[in-house]
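The values are calculated or read from the model by the stated rules, or taken from the named source; none is laboratory data. None of these values were measured; they are calculated from a predicted model. Using ideal geometry, Cβ is built from the backbone for each residue, glycine included, and neighbour counts are taken over all protein chains shown.
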Amino acid sequence: MRSGWLLRDGDVVCALEMTDSFAERAKGLLGREGCEGALHLTGARAVHTAGMKFELDVAFLSADLIVVRMIRVPPWRVALPRKGTRSVLQAEAGALERWGVRVADQLEIREVP
């Protein structure tokens, strides 16, 4: 996985991990006790929380990283694809609200080399 920052309006929202492969996308946050920042699943359109130990905030993102929809997903659930979704952002439940992320926000990803 790659590391970076999630930004909105040029301001850092949180630390970010980014998936590079199908295997990384499939695993997501599975097996973790929590998540300090967020995980960006490039190419993912849906999310499952089978085996998760905590609830997730999920933001569905368009191709240009505009937040299309946000939902909270408890463990052992499936969040189906949303129209216009090209990637998904996952964080611990409550994190997106704390960070002030809203539907229609334009996000930006900055990768750390």
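Residues in segment 48-81 that are over 13 Å from the mean Cα position of the chain (by Cα) and at negative phi: Ala50, Met52, Lys53, Phe54, Ala63, Asp64, Pro74, Pro75, Arg77, Val78, Leu80, Pro81. With a cut-off of at least 3 residues that are surrounded by 19 or more Cβ atoms within 10 Å (Cβ to Cβ), name the strands (runs of 3 or more DSSP E) lying wholly within segment 32-98. Strands (runs of 3 or more DSSP E) meeting the threshold: 38-42, 56-61, 87-92. Yes or no: Val112 closer than 15 Å to Glu17 by Cα and over 11 Å from the mean Cα position of the chain (by Cα)? The answer is yes for Val112. Test Ser87 against the stated conditions and say whether it is without any contact (Cβ under 8 Å) to a residue 60 or more places away in the chain and out of contact with any strand residue (DSSP E or B) (no Cβ under 8 Å at 6 or more places or on another chain). Spelling it out, it is not the case that Ser87 is without any contact (Cβ under 8 Å) to a residue 60 or more places away in the chain and out of contact with any strand residue (DSSP E or B) (no Cβ under 8 Å at 6 or more places or on another chain).
The one condition from (1) touching a Gly at 6+ places or on another chain (Cβ under 9 Å); (2) modelled with pLDDT of 95 or more that Met52 does not meet is (2). Report yes if some residue within segment 40-57 is among the basic types (Lys, Arg), more than 23 Å from Gln106 (Cβ to Cβ) and free of Cβ contacts under 8 Å to residues at least 60 places away in the same chain; otherwise report no. Within segment 40-57, one or more residues are among the basic types (Lys, Arg), more than 23 Å from Gln106 (Cβ to Cβ) and free of Cβ contacts under 8 Å to residues at least 60 places away in the same chain. Using the structure shown, decide if Gly10 is modelled with pLDDT of 80 or more, touching a helix residue (DSSP H, G or I) at 6+ places or on another chain (Cβ under 8 Å) and at positive phi. Answer is no for this residue.
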